[in-house]
Amino acid sequence: MGIIYCLKPSRIFMNGKYITTIVVTLLLLLNIFVYSFFQESDENLQQKSIVFNSYNYEIYYESTGLLSDEQLHNQLYEIIRNHTVVSYNSVWEHLREVDEDPMNNANVILFYMQRSQSENDTCGDGNECTGQSWNREHVWPKSHGNFGTSMTKVAGTDLHSLRPVDNTVNSARSNKDFGNATNPHWECTECDSSADFWEPSDMTKGDAARSVFYMDVRYNGFGNEPDLTLVNGTTETSSEYGFLGDLCTLYDWHFTDPVSTFEINRNNEIYTIQGNRNPFVDNESFVREIWGDICEPQPVEDDSDLDNDGIVDSIDLCPEEDSTGYDGNYDGCLDDTDSDGVTDNVDIFPNNSSEWIDTDSDGVGDNSDVFPNNSSEWIDTDSDGVGDNSDMFPLDSSETLDSDLDGVGDNSDVFPNFPYEWIDSDSDGVGDNSDVFPNNSLEWIDTDSDGVGDNSDAFPLDPLESIDSDSDGVGDNSDSFPFDTKRYEVENSDNVTLLSVFVIILITFVIFRSKL
């Protein structure tokens, strides 16, 4: 420092070329430093965040082991199912954080078209919707499972399936399935659509696939949560079944557009908020382990026999159907001899196209068996609800039983437990077969067979008498005075006297003759 103060102006001027060299050198070093700083920010900003939000993969996914297919699907569900549920209103701020543009922290990266947009140009939170504003996109549409945005159903506020998307692009995607399309969108020109499918830009196809793979595993209908399932083909909106397609197209997108650094960083950020991760971002091979057999079926060797029916798969028309014992033409398929749509191995009546089941094992098929659950009955000729085998009157719908076996059904038999009677024409309680007077409810017996019933016959044991008008004990037929009780009695006394006199005279005459 002291040396500099002792220099003369002429000395400084004479050494100007050295000073210029020093300044240029310093500027060059500063430029290199600045370039290196921003270059590192561009390439490693997210990597630093990853380190900051790091987790232990081996511990988090320890239980997956060597699992695959449905077992792996179920175990991943157990790993990610319990997480913090955020409100739908808070999603705005969370998206500003997890989808922040690493080159401009005042912007977010819009999904599908990858445009950097001001984080405040929102649409749907009270702000005016414009051609530049963004909204919250449910990558798995709410209508495919009808889960809405309620915190109780969880799925509608899950950040792993929510992305900031251009307002018009959000509307264009609507609730379409993911799949290959041919009509470019006017704004997101890298995106294509059709009546059924939405195809994102190539650089976001894998992101979309992994988002819905996560939703398929995370939501299986527990409690109020929806049951979401990826399927092949197109699907319909439904409140009961949360189907979304196209599975194998998404499977291909997952591998053609591998996980990006931005996606890894986003997964870490959501992990700090919700406490769960997207397994398919952490391990891309999980996709093949779960859905590989569906979307990448392995070629079958010529000598293989998957169904073990003795017909090699190369000529087996039904390679997954064991036709052993029911394959008369050796085509590998179960025979259906009667062509009723039921294969012979389960058809009880393989030669009868109108029958295939015999629930009560009575030898009569259910279709024609009036009593398919009663092995002792199958026909009801008179349609009275009682089978012919039990019906004593199979041709009479009004009768089924004959308790006294008299040939008359109980329903019309007045005396159902007495085999000698069945009709009581006069309703006197005495059957017509025993009733001497079947049409007279006051009579039923005629002991003396005089044609007058005992109840009204004054002399039920005397066939010559039936009436005693004067109640003198003498029937009208013998009573000279049927209406005069006393005169009959006097006349009766005179007759006795005359008889007595006649007897005395007769005795006297006999005695007199004997003495002569």
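The values are calculated or read from the model by the stated rules, or taken from the named source; none is laboratory data. Not measured: the values here are computed from a predicted model. Quick reminder, even Gly has a Cβ in these numbers, built from the backbone with ideal geometry, and neighbours come from all protein chains shown.
The criterion of at least 2 residues that are in contact with a helix residue (DSSP H, G or I) (Cβ under 8 Å, 6 or more places away or on another chain) is met, among strands (runs of 3 or more DSSP E) falling completely within segment 114-207, by 134-138, 162-166, 197-199. In segment 217-253, the qualifying residues are those that are in contact with a Cys (Cβ under 8 Å, 6 or more places away or on another chain) and under 15 Å from His144 (Cβ atoms), and the one that is surrounded by the fewest Cβ atoms within 10 Å (Cβ to Cβ) is Asn232.
If you go through segment 254-275, how many residues are within 19 Å of His73 (Cβ to Cβ) and either among the charged types (D, E, K, R) or surrounded by fewer than 21 Cβ atoms within 10 Å (Cβ to Cβ) (or both)? Residues flagged as within 19 Å of His73 (Cβ to Cβ) and either among the charged types (D, E, K, R) or surrounded by fewer than 21 Cβ atoms within 10 Å (Cβ to Cβ) (or both) within segment 254-275 amount to 1.
Note on segment 217-231: residues that are free of Cβ contacts under 8 Å to residues at least 40 places away in the same chain and either farther than 15 Å from His73 by Cβ or charged (D, E, K, R) (or both) total 1.
Give just the number: which of (1) surrounded by 18 or more Cβ atoms within 10 Å (Cβ to Cβ); (2) more than 25 Å from Gln114 (Cα to Cα); (3) not aromatic (Phe, Trp, Tyr) does Ser304 not satisfy? Only one criterion is unmet by Ser304, namely (1). Only one entry of Asp166, Asp101, Asp125 meets the criterion of being in contact with a Phe, Trp or Tyr (Cβ under 9 Å, 6 or more places away or on another chain) and over 27 Å from Glu236 (Cβ atoms), and that entry is Asp125. For Val108, the criteria (1) farther than 28 Å from Gly242 by Cβ; (2) part of a strand (DSSP E or B); (3) β-branched (Val, Ile, Thr) hold in every case but one, which is (1). Restricting attention to segment 324-333, the residues being surrounded by 18 or more Cβ atoms within 10 Å (Cβ to Cβ) and modelled with pLDDT of 90 or more number 3. Applying the set (1) at pLDDT 90 or above; (2) crowded, with 17+ Cβ neighbours inside 10 Å; (3) more than 30 Å from the chain's Cα centre (by Cα); (4) not polar (S, T, N, Q) to Asp336 leaves exactly one unmet item: (3).
Applying the criterion of being under 18 Å from Asn433 (Cα atoms) and of a type in the set (A, V, I, L, M) to the residues of segment 378-415, the residue that is surrounded by the most Cβ atoms within 10 Å (Cβ to Cβ) is Val408. Would you mind stating whether Ile290 is surrounded by fewer than 18 Cβ atoms within 10 Å (Cβ to Cβ), in contact (Cβ under 8 Å) with a residue 12 or more places away in the chain and out of contact with any Lys or Arg (no Cβ under 8 Å at 6 or more places or on another chain)? So Ile290 does not fit the description; no. Select from segment 109-166 the residues that are under 42 Å from the mean Cα position of the chain (by Cα) and among the basic types (Lys, Arg) and write down the one among them that is surrounded by the fewest Cβ atoms within 10 Å (Cβ to Cβ). For segment 109-166, the residue satisfying everything is Lys142.
Going residue by residue through segment 341-356, is there one that turns out to be part of a loop (DSSP other than H, G, I, E, B), under 30 Å from the mean Cα position of the chain (by Cα) and farther than 29 Å from Asp307 by Cβ? The answer is yes, given that some residue of segment 341-356 is part of a loop (DSSP other than H, G, I, E, B), under 30 Å from the mean Cα position of the chain (by Cα) and farther than 29 Å from Asp307 by Cβ.
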